[in-house]
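Everything below concerns the one structure shown next.
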Amino acid sequence: MGKSMSLARAKRLLKVVGGKDSFWLCTNEDLRSLNTLAQALERVDDDVFRYHVNKYKNDFSDWVKDKIGDNDFAREISRIKTKDTLVRKLNEKVDESRELVKKYRVAAAKRKRTIRKKPKKRVRKPVKRRSKPKKKPKKTRRKTKKRAVKRRPSKRKRSAAKTKKAKQSRPRKTTKARRKTKKRVVRKAQRRGKAQKRPKRKRVRKR
């Protein structure tokens with residue numbers, strides 16, 4: 001046994017080619033698949049086979065390689081030199097390919113059934129219970145005390161306050177000190193009076 005066949009290869013070996021890519025048999029038949037080729041070779045004689053397979057060429061191998069697109073199977077066919085062995089080989093390959101495709105189809109159908117049978121998971125939505133409407137709290141206003149706005153005193157009052165403050169800050173004079181100050185004031189006044197009575201001296205410019 002060779003390599004295990006893939007699904008893509010099995011489909012390729014079973015495919016039916018177009019009219020232009022068909023195999024022309026010397027009995028004037030156009031064969032479009034491996035299955036029809038095997039059936040046609042069963043009917044023809046060895047001379048027809050020898051026309052296509054000889055020392056110089058193998059038309060069946062070339063057709064499988066170029067039109068069917070399977071290089072491995074074309075290499076296998078190229079070694080065959082008799083009609084019966086070629087027919088047997090073609091039938092084996094076609095049957096193997098059909099079985100493989102059938103298995104895949106059955107498996108795919110089962111898979112679909114199991115997917116359909118599986119129930120969808122129901123997701124229960126949480127039931128929203130109606131709650132009683134809450135009573136709105138009464139709006140209570142806080143009692144705020146009015147702030148006493150201090151008014152600015154007038155200019156007159158301010159100046160009076162300043163003088164009062166200045167007087168309070170000064171140190172109180174004793175009775176002796178007061179007497180002395182009084183005497184000084186009296187003397188200053190006397191001097192001023194004398195100065196006023198005296199006539200002003202005229203300045204004489206020196207020549």
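Remarks
- Among the residues making up the range 1-60, a single one is assigned to a strand (DSSP E or B) and of a type in the set (S, T, N, Q): ASN58.
- Within the range 8-29, residues that are free of Cβ contacts under 8 Å to residues at least 60 places away in the same chain and farther than 12 Å from TRP63 by Cα sit with their Cβ atoms under 7 Å from residues that are assigned to a loop (DSSP other than H, G, I, E, B) and of a type in the set (D, E, K, R), at 6+ positions apart or across chains, in these pairs: ARG12/ASP70; VAL16/ARG32.
- Considering residues of the range 59-89 that are on the phi < 0 side of the Ramachandran plot and among the small types (Gly, Ala, Ser) only, the residue nearest to the chain's Cα centre (by Cα): ALA74
- Residue ID - surrounded by the fewest Cβ atoms within 10 Å (Cβ to Cβ), chosen from residues in the range 56-73 that are over 14 Å from LYS15 (Cα atoms) and touching a strand residue (DSSP E or B) at 6+ places or on another chain (Cβ under 9 Å): ASP59
For every residue, the table says whether it meets (1) of a type outside the set (D, E, K, R); (2) surrounded by 10 or more Cβ atoms within 10 Å (Cβ to Cβ); (3) at pLDDT 70 or above; (4) outside any loop (DSSP other than H, G, I, E, B).
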| site | (1), (2), (3), (4) |
| --- | --- |
| VAL123 | yes, no, yes, no |
| ARG130 | no, no, yes, no |
| LYS134 | no, no, yes, no |
| VAL149 | yes, no, no, no |
| ALA160 | yes, yes, yes, yes |
| GLN168 | yes, no, yes, yes |
| ARG172 | no, no, no, no |
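- Residue within the range 84-91 that is surrounded by fewer than 17 Cβ atoms within 10 Å (Cβ to Cβ), at pLDDT 90 or above and not in a helix (DSSP H, G or I) present: no
- Only one of the numbered conditions (1) farther than 20 Å from SER6 by Cβ; (2) in a helix (DSSP H, G or I); (3) in contact (Cβ under 8 Å) with a residue 24 or more places away in the chain is not met by LYS81, and that is (2).
- Residue in the range 45-58 that is under 56 Å from the mean Cα position of the chain (by Cα), at pLDDT 90 or above and more than 23 Å from ALA108 (Cβ to Cβ) present: no
The values are calculated or read from the model by the stated rules, or taken from the named source; none is laboratory data. A quick note: this is a predicted structure, and the numbers were derived from the prediction, not measured. Glycine gets a Cβ as well: all are built from the backbone with ideal geometry, and neighbour counts include every protein chain shown.
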